[in-house]
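Visitor: I'd like to ask some things about the structure below.
The values are calculated or read from the model by the stated rules, or taken from the named source; none is laboratory data. On a predicted model such as this, the values are computed, not experimentally measured, just so you know. FYI the Cβ positions are ideal-geometry reconstructions off the backbone, even for glycines, and counts take in every protein chain you see.
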Amino acid sequence: MKEYYSKCDDGSGWYFDALVTDADYELSQKYHSTDDIPDDEYNEYIALHDAEIEQLTEYVIPDTYRGKPVVVIGQQAFTGGNKTLLQPEYVALKRIKVGKYVEVIDDGAFAHMPSLEQIDLPESLESMYDIVFNKSGTIKKLHLGKKFNFVTETSFRGVKILSFDVDPANEEFRAESGCLIDKAGTIIKGCPGAVLPDSGVVSIEEFAFEYAPVDDPVVPEGVKNIGKGAFYGQSFKQVTLPSTIKYISNVAFAQCSSLEKIVYNGTMEQWKTVVKIGEGKEDAWNRNTGKYVVACTDGTIDSAGVEHKETPRKQGFFSKLKNFFGA
């Protein structure tokens, strides 16, 4: 098994580029493309790979290399990276400890590790880039230190995270009610069973609740935007949306086939002004969503778009008697 490093441009430290087998190295020196590898050599690679990497359950990324700190975990470092041709997608690693000087984790660094349960991030960490844990296992707890200050829209795509722990001294992020929230008030990522905080939130990031089932969520007043795929594929029957909502992005509630009611805390006229992306198209905000009704403060809108001025939410005792006797 080999580790690969690249020097940082300013010479101050190292990129940890890849964790690979000797077989990876030999094949990458010999061929330009995996398509060129003969079957017998490929089979030999698989055997060596199984024997070396797939048996690892824990791995420690070193603090230093050749006397200088390891400060970056490179792109796809644990899925082959840019030093090899073959990317090991099925490894047994359950825990990774990241060196104490690492500041940046690059795209897909810990992707394709279905057994991953724990990753120990250092207090020095500042940034995570795209799909860092894509198609990896269930991470039980993710700790972010006080220096952590940057994620992209897709940093946490494709992974289930059961809880976040954020240093109280962190000025950019906080963990609250099972949600990771940035200082601007955007829910970046939700955990299973999360409850959306009832204040201090203004938007929900794209795919924020991917792999994070929630029960009948109440989106708090103040939220203006719900991002792409934010609640994609959820099984809840009801969702409450605030009167402040202005924008619901494409596939935000797609595949929510159990949805029966959207409780909207505004009027029917206000609901019409909410921008809902992709109406009637393949990427519609409500594609393959259940036959829900929108219950507004002054009436309901059924699945056919027909408005009903009187709503059960506002009916008093005498209104119910009137309906019962047909008067």
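Visitor: Give region 141-179 a look and list any residue that's farther than 19 Å from PRO213 by Cα and among the aliphatic types (A, V, I, L, M), or say none.
Guide: LEU144, VAL151, VAL166, ALA169
Visitor: Among the residues of region 166-181, is there at least one that is of a type outside the set (Gly, Ala, Ser), surrounded by fewer than 16 Cβ atoms within 10 Å (Cβ to Cβ) and in contact with a strand residue (DSSP E or B) (Cβ under 8 Å, 6 or more places away or on another chain)?
Guide: Within region 166-181, not a single residue is of a type outside the set (Gly, Ala, Ser), surrounded by fewer than 16 Cβ atoms within 10 Å (Cβ to Cβ) and in contact with a strand residue (DSSP E or B) (Cβ under 8 Å, 6 or more places away or on another chain).
Visitor: Among the residues of region 179-199, how many are free of Cβ contacts under 8 Å to residues at least 24 places away in the same chain and part of a loop (DSSP other than H, G, I, E, B)?
Guide: 8
Visitor: Suppose we filter GLY229, GLY233 for residues that are in the same structural domain as GLU307 (by TED's automatic domain parsing), part of a loop (DSSP other than H, G, I, E, B) and buried (at least 20 other Cβ atoms within 10 Å of the Cβ); which single one remains?
Guide: Numbers: GLY233 fails: buried (at least 20 other Cβ atoms within 10 Å of the Cβ).
None of the others qualify; the one that does is GLY229.
Visitor: Further question: Considering every residue within region 161-177, establish whether at least one is closer than 19 Å to GLN238 by Cβ and either part of a loop (DSSP other than H, G, I, E, B) or touching a His at 6+ places or on another chain (Cβ under 9 Å) (or both). Write out each step before concluding.
Guide: Step one: of region 161-177, the residues closer than 19 Å to GLN238 by Cβ are 177.
Next, only the ones that are either part of a loop (DSSP other than H, G, I, E, B) or touching a His at 6+ places or on another chain (Cβ under 9 Å) (or both) stay: 177.
Scanning region 161-177 turns up at least one residue that is closer than 19 Å to GLN238 by Cβ and either part of a loop (DSSP other than H, G, I, E, B) or touching a His at 6+ places or on another chain (Cβ under 9 Å) (or both).
Visitor: Quick one: what pairs do we get from region 266-293, first residue on the phi > 0 side of the Ramachandran plot, second in a loop (DSSP other than H, G, I, E, B), C-beta under 7 Å, 6+ apart or different chains?
Guide: GLY278/ASN250; GLY278/ALA284; GLY278/TRP285; ASN288/ALA254; ASN288/GLN255; ASN288/SER257
Visitor: Kindly indicate whether any position in region 209-219 is part of a loop (DSSP other than H, G, I, E, B), at negative phi, among the small types (Gly, Ala, Ser) and in contact with a strand residue (DSSP E or B) (Cβ under 8 Å, 6 or more places away or on another chain). Write out each step before concluding.
Guide: Taking region 209-219 as the starting set, the residues that turn out to be part of a loop (DSSP other than H, G, I, E, B) are 209-217, 219.
Remaining after also requiring at negative phi: 209-210, 212-215, 217, 219.
Retained after the next criterion (residues that are among the small types (Gly, Ala, Ser)): 212.
Those still in the list that are in contact with a strand residue (DSSP E or B) (Cβ under 8 Å, 6 or more places away or on another chain) too: 212.
For region 209-219, residues part of a loop (DSSP other than H, G, I, E, B), at negative phi, among the small types (Gly, Ala, Ser) and in contact with a strand residue (DSSP E or B) (Cβ under 8 Å, 6 or more places away or on another chain): present.
Visitor: Right, GLN238: within 16 Å of SER303 (Cβ to Cβ), crowded, with 16+ Cβ neighbours inside 10 Å and among the polar types (S, T, N, Q) or not?
Guide: Numbers: within 16 Å of SER303 (Cβ to Cβ): yes; crowded, with 16+ Cβ neighbours inside 10 Å: yes; among the polar types (S, T, N, Q): yes.
Yes, satisfied.
Visitor: What residue, among those in region 31-46 that are surrounded by fewer than 10 Cβ atoms within 10 Å (Cβ to Cβ) and assigned to a helix (DSSP H, G or I), is modelled with the highest pLDDT? Before the answer, list the steps.
Guide: Step one: filter region 31-46 for residues surrounded by fewer than 10 Cβ atoms within 10 Å (Cβ to Cβ), giving 32-33, 35, 38-40.
Filter once more, keeping what is assigned to a helix (DSSP H, G or I): 35, 39-40.
Values: ASP35: 72, ASP39: 79, ASP40: 82.
Top of the filtered list is ASP40.
Visitor: Hey, could you check region 254-284 for residues that are out of contact with any Phe, Trp or Tyr (no Cβ under 6 Å at 6 or more places or on another chain) and basic (Lys, Arg) and say which is farthest from ASN225 (Cα to Cα)?
Guide: Restricting to residues being out of contact with any Phe, Trp or Tyr (no Cβ under 6 Å at 6 or more places or on another chain) and basic (Lys, Arg), the top hit is LYS281.
Visitor: Regarding GLY99, is this residue modelled with pLDDT of 90 or more, in contact with a helix residue (DSSP H, G or I) (Cβ under 8 Å, 6 or more places away or on another chain), surrounded by 17 or more Cβ atoms within 10 Å (Cβ to Cβ) and not polar (S, T, N, Q)?
Guide: no
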